[in-house]
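As structure tokens, the structure follows; a few thoughts come after it.
The values are calculated or read from the model by the stated rules, or taken from the named source; none is laboratory data. If you're wondering where the values come from, they're calculated on a predicted model, not measured in any experiment. Quick reminder, even Gly has a Cβ in these numbers, built from the backbone with ideal geometry, and neighbours come from all protein chains shown. When the accessible area is computed, the model is the full protein with side chains, heavy atoms only, and any ligands, DNA or RNA have been set aside. Shrake-Rupley method; radii C 1.70, N 1.55, O 1.52, S 1.80 Å.
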Amino acid sequence: AQSVAQPEDQVNVAEGNPLTVKCTYSVSGNPYLFWYVQYPNRGLQFLLKYITGDNLVKGSYGFEAEFNKSQTSFHLKKPSALVSDSALYFCAVRDKAGSYIPTFGRGTSLIVHP
Amino acid sequence: AAGVIQSPRHLIKEKRETATLKCYPIPRHDTVYWYQQGPGQDPQFLISFYEKMQSDKGSIPDRFSAQQFSDYHSELNMSSLELGDSALYFCASSSPSVLSYNEQFFGPGTRLTVL
């Protein structure tokens with residue numbers, strides 16, 4: 001079985017400050033991990049993914065995420081937040097040896113204040 | 001670049017009516033997924049198709065059915081609509097599905113409102 005937890009329903013950050021959106025996962029084997037962003041009334045947009053290799057993954061719009069196997073985490077980060085980053089962020093996981101259908105977290109609403 | 005196309009974008013139906021949602025995947029993508037997203041909810045996987053065959057089934061009600069056609073587009077058919085079916089319905093595509101680390105590309109969604 002695979003599962004994802006996004007412990008924060010909402011994250012508030014001031015523009016220009018660093019942001020972190022947390023994600024932890026559980027899989028039987030090794031994970032493929034994904035981050036998506038969703039703007040109001042829009043579909044999910046792919047940001048980045050971890051497959052293998054370097055634990056620090058860089059993605060779109062200046063976002064990055066760090067895979068931590070010991071903590072089973074894949075937190076999304078950005079050094080300097082923009083107001084336009086305000087959106088809903090979803091973490092997703094697939095077990096490499098399991099179903100190719102990803103499991104999504106419940107989403108975290110990121111609000112960046114001017 | 002071409003994206004996933006969904007139609008219609010908005011749909012209003014009465015209870016007990018039927019609805020058909022269409023999805024056109026990105027060219028050369030062979031796998032289509034359907035998701036339902038209620039207000040403030042994460043996307044719930046309904047069903048997927050690979051090379052025109054149903055490949056995986058999630059929480060799709062028996063009142064719903066879907067298929068993928070020879071041109072790879074997919075249709076989600078919903079009958080005996082209920083108020084609780086009101087949601088955003090997303091289609092996503094990916095390819096090739098045997099590479100399970102490939103990300104999904106989502107369409108803009110169809111907002112279904114059942115009155």
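Overview of results
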{"item": "Single condition A:Gly105 does not satisfy, out of (1) more than 9 Å from chain B (Cβ to nearest Cβ); (2) within 18 Å of A:Pro7 (Cα to Cα); (3) surrounded by 16 or more Cβ atoms within 10 Å (Cβ to Cβ); (4) touching a residue at least 12 places away in the same chain (Cβ under 8 Å)", "result": "(1)"}
{"item": "Residues located in the stretch A:9-50, provided they are surrounded by fewer than 19 Cβ atoms within 10 Å (Cβ to Cβ), within 18 Å of A:Asp95 (Cβ to Cβ) and either at pLDDT below 90 or more than 12 Å from the chain's Cα centre (by Cα) (or both)", "result": "A:Ser26, A:Ser28, A:Gly29, A:Asn30"}
{"item": "Pairs where the first residue, in the stretch A:1-26, is of a type in the set (Lys, Arg) and the second is open to solvent by 40 Å² or more (accessible area, probe 1.4 Å) and not in a strand (DSSP E or B), C-beta under 7 Å, 6+ apart", "result": "A:Lys22/A:Pro7; A:Lys22/A:Glu8"}
{"item": "Test: A:Asp54 is at pLDDT below 95 and more than 14 Å from chain B (Cβ to nearest Cβ)", "result": "yes"}
{"item": "Any hit, the stretch B:55-75, residues being touching a Pro at 6+ places or on another chain (Cβ under 9 Å) and at positive phi", "result": "yes"}
{"item": "Residues of the stretch A:84-97 satisfying the condition of being open to solvent by less than 60 Å² (accessible area, probe 1.4 Å) and away from chain B (no Cβ under 14 Å)", "result": "A:Asp85, A:Ser86"}
{"item": "In the stretch A:46-83, the residues that are over 17 Å from A:Tyr32 (Cβ atoms) and in contact (Cβ under 8 Å) with a residue 24 or more places away in the chain", "result": "A:Tyr61, A:Phe63, A:Gln71, A:Lys77, A:Lys78, A:Pro79, A:Ser80, A:Ala81, A:Leu82, A:Val83"}
{"item": "The stretch A:51-83, subset among the small types (Gly, Ala, Ser) and buried (at least 16 other Cβ atoms within 10 Å of the Cβ), residue farthest from the chain's Cα centre (by Cα)", "result": "A:Ala81"}
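Conditions (1) open to solvent by 40 Å² or more (accessible area, probe 1.4 Å); (2) of a type in the set (Asp, Glu); (3) more than 30 Å from A:Gln10 (Cα to Cα), marked per residue:
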position	(1), (2), (3)
B:Pro43	no, no, no
B:Glu51	yes, yes, yes
B:Asp71	yes, yes, yes
B:Glu75	no, yes, yes
B:Gly84	yes, no, no
B:Ser94	no, no, no
